[in-house]
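Here's the structure, in C-alpha cells; my notes come after.
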Amino acid sequence: MTILVTGGCGYIGSHTCVQLIKQGFDTIILDNLYNSKEIVLERIYQITGKRPQFYQGDIRDKHLLNNIFKENKVTNVIHFAGLKAVEESIKQPLKYYDVNIYGSINLLEAMKAANVKKFIFSSSATVYGTQPNIPYIETMETEEPTQPYGRSKLFIEKILQDLAKAEKDWSITLLRYFNPVGAHPSGLIGEDPQGIPNNLMPYITQVAIGKLKSLAVFGHDYNTIDGTCIRDFIHVMDLADGHLAALNYNSSHSGVNIFNLGSGQGSSILEVISTFEQVFKKKLAYHFAPRRAGDLPAYWANADKAKKLLNWQTHLNLYDMVHDSWNWQSKNPNGFNE
Ligand code: NAD
Ligand code: WQD
C-alpha cells in the first residue's frame, strides 16, 4: 500500500511516518513546511533507514495534488496538514478556514478524480465542545466549538459525513485526538513549536531547558482533585500506532467510522509537573495564574471503541510521555533549528 501523508513533516505526521515505514508501507509526504522543517525527512531516515518520498507544496494546490496522484499509485491518504493554533484562529479565521476546510475539500476532490477513496482525518476532542458529561464517547452528539480552529475540525467532519452519504465507495475514518505529547524515544523527532509554545508540555520543557522563566499554571481553583485542569494526555508514539490500526480497519470498512484516540485517563496539570520533576530530578519553576479563557476544567476519552474495533490501546504512561518529551528537548534545545 502507498500512503499519502499530508502534513507528514509535522509533529504527529512525522511520528506516524516512522511507524508506517517500519511496517513496510510506502510513504509519500506532502507538506508546505509552514510549521515544520525539511530536516525531519533526514531524521526519519536516521530512525528507519528509509527516506519518504517528499513533495513540498500546499494542499490547496490543485495542480500539484493531481500530479501527485498521477505520478504515484496512492492507495490511502492520512490527512494531518492544517493549522492548529486556537488563539491564532480567533484572530485569523479566514486563514484557518481556507487552509483547513478549503485545503481538505481540495484534497478530497483530487482523491475523487484519482479514484482513491480511503481517507483518515486528524480530528480533535474539540468537536465535543464544552459538554460537561465526561468521559467523551463517540456516541455523544458533537457540539459546535467556540473558536474557528475547532469549528474547522467539526465542519470537516460534517463534510466527510455528507460525502460518505452521497458516495458509498468512500472509507473514511475520523480520529479524535485528545492531548498528544511525548516524542520518539530516539530523541530525533519531536514537537517543535515556533515562538512561545501555547501547549503545556513544550512550555514545561522550555522552562526546564532555561528558555522560559516559569510555567504559568492556568487556574488552581477548578473543581478537580488538586484544583488544576485535567486532560487526557496521549504519547505521540501510541497515537502514531493508532493511525496504523485505523489504516487497517479503514481498508475493510466503508462509510464514516469515528474513534477517540486517548488513554482513557485524566491527569491534572500538577500531576504532569510532579511527574516531570521525577524525570528532571529538579524542581520546575512554576506559578499559579488566572484561568485561561476557554479552558474546560476536565475531560478525557472513553477509548473503549478503539480498543474493541481497532484492537488498539495506549501502552505508554505519563512518565514515558514526560521522559520522552524531555529527552527530545534536551537533545535538541533549539528544536530542528541546528
Ligand atoms: P503540525 O503543525 O506539527 O503539523 C501539521 C503539518 O501540516 C506541518 O508540517 C505543516 O507544515 C503542514 N501544513 C500546514 N498547512 C499546510 C498546507 N496548506 N499544505 C501542506 N502542508 C501544510 O501539527 P500536529 O500537531 O502534527 O497536528 C497534525 C494534525 O492533527 C492537525 O490537523 C491538527 O489540527 C490535528 N490535531 C492536533 C492536535 C495536537 O494537539 N497536536 C490535537 C488534535 C488534532
Ligand atoms: C492543557 C492544559 C491549560 C499551557 C489544545 C487544543 C485542543 C487540541 C489539543 C488540537 C490546560 C494548561 C497550558 C500553559 C497551563 N488541539 N496549561 N499553562 O488546551 O487542552 O488543548 O491542544 O486539536 O483543541 O485546545 O491543551 O496543552 O494548551 O493545555 O496551565 O502554559 O494545560 O490550562 O488545562 P488544551 P494545552
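The values are calculated or read from the model by the stated rules, or taken from the named source; none is laboratory data. Computed from a predicted structure; not experimentally measured. Cβ sites come from the backbone with ideal geometry, for glycine too, and all protein chains shown count toward neighbours.
I'd like the residue in the stretch 122-161 that is of a type in the set (S, T, N, Q) and either away from ligand 2 (no atom under 13 Å from the Cβ) or assigned to a loop (DSSP other than H, G, I, E, B) (or both) and, out of all such residues, is nearest to Leu4 (Cα to Cα). Of everything passing the filter in the stretch 122-161, Gln161 is nearest to Leu4 (Cα to Cα).
Within the stretch 283-320, the set of residues being over 21 Å from the mean Cα position of the chain (by Cα) and under 21 Å from Ala183 (Cα atoms) comprises just one member, Leu284. Filtering the stretch 137-153 to residues that are within 13 Å of ligand 1 (Cβ to nearest atom), of a type outside the set (S, T, N, Q) and touching a residue at least 60 places away in the same chain (Cβ under 8 Å) leaves Tyr149, Gly150.
Restricting attention to the stretch 283-294, the residues that are at negative phi and at pLDDT below 95 add up to 1. Residue check: Leu83 meets all listed conditions (1) surrounded by fewer than 16 Cβ atoms within 10 Å (Cβ to Cβ); (2) within 16 Å of ligand 2 (Cβ to nearest atom) but one, namely (1).
State yes or no: is Gly195 surrounded by fewer than 21 Cβ atoms within 10 Å (Cβ to Cβ) and over 22 Å from Trp300 (Cα atoms)? Yes; evaluated as a whole, the condition is true for this residue.
Condition test on Lys283, is it more than 28 Å from Pro132 (Cα to Cα), in contact (Cβ under 8 Å) with a residue 12 or more places away in the chain and more than 16 Å from ligand 1 (Cβ to nearest atom)? Against the criterion (more than 28 Å from Pro132 (Cα to Cα), in contact (Cβ under 8 Å) with a residue 12 or more places away in the chain and more than 16 Å from ligand 1 (Cβ to nearest atom)), Lys283 does not qualify.
Could you list, in sequence order, the residues of the stretch 1-41 that are surrounded by fewer than 22 Cβ atoms within 10 Å (Cβ to Cβ), of a type in the set (D, E, K, R) and closer than 26 Å to Gly195 by Cα? Selection gives Lys37, Glu38.
Residue count for the stretch 71-107, restricted to those that are outside any helix (DSSP H, G or I) and either more than 18 Å from Gly10 (Cα to Cα) or near ligand 1 (Cβ under 9 Å from one of its atoms) (or both): 13. Counting just the residues of the stretch 204-256 that are in a strand (DSSP E or B), among the β-branched types (Val, Ile, Thr) and over 30 Å from Lys117 (Cα atoms), which one comes out nearest to ligand 1 (Cβ to nearest atom)? Ranking the candidates gives Ile230 first.
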